[in-house]
């Protein structure tokens, strides 16, 4: 087992006191050995918010920051990641054109970037739909993502991307063209073959192999914290539990644990992860 004072970091988790277990889920993470989390803002529609302009996303961001403050009272270290979920373009198109939706999404990202600049958030969230869309929606979504990379350049922060399954290697050139360091583009719910920084599900079977190769990656639960989907995607205890299991079985080392949970996220997000 690992020493008590070793950080264990969940790179992508949601905590929702209104629609889910809220602080109790965060406490479960801590009881299992978790110490640090990157708290990602949820889609506006999951919080009952219907944006009509970019500034409307601030209600989502402010709620995320409020939750972060409540979680910190438990003793956990919380790093907010704010942004606009790529599926927003589909929801927004129910009441406006796709073009209008993409403009509002870019404006929402502008506001997310302000929180990063102010120091209340550490990274931006963006991406493109993970489901089949028309060429028009695909093109507009890539424009929104490119805008997020430009903001990442300006704010000198990481960008977490939610996108289709697969390597998404085109994002390396996209980030580079936007002036952003591709090494700070984090592929949420990643597969190992991505050239981006992979954030792997805690139960991913490739983790021991990648550790033997000395590969840099982070671990996540993508816990949704919704009572209608209990335990989805995997539970809040997953990152510490899988880390400890792999360590106790000799499949990873303490050096691997440090690289996954301390060194890599510290480098990518520009934070100092310590106990």
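What follows draws every value from the coordinates through simple rules; no lab data is involved. This one's a predicted model, so the numbers in the text were calculated from it and none came from an experiment. Positions of Cβ are backbone-derived with ideal geometry, glycine not excepted, and every protein chain shown enters the neighbour counts.
What the table below lists for this structure:
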quantity: Extension gain, residue 47 back to residue 183 (0.36 nm per residue minus Cα-Cα distance, nm); calculated: 45.8 nm
quantity: Helix 98-118 axis, angle to the chain major axis (alpha carbon atoms, nearest 10°); calculated: 50
quantity: Distance (nanometres) between label positions extended 7 Å along Cα→Cβ at residue 132 and residue 203; calculated: 2.8
quantity: Listed values (1) 33, 21, 18; (2) 29, 21, 17; (3) 26, 23, 21, entry calculated as semi-axes √(5λ) of the Cα gyration tensor in Å; calculated: (2)
quantity: Cα centroid separation - the range 120-153 against the range 2-52, whole Å; calculated: 23
quantity: Exposure proxy ranking, count of Cβ atoms within 10 Å, fewest first, for 146, 38; calculated: 146, 38
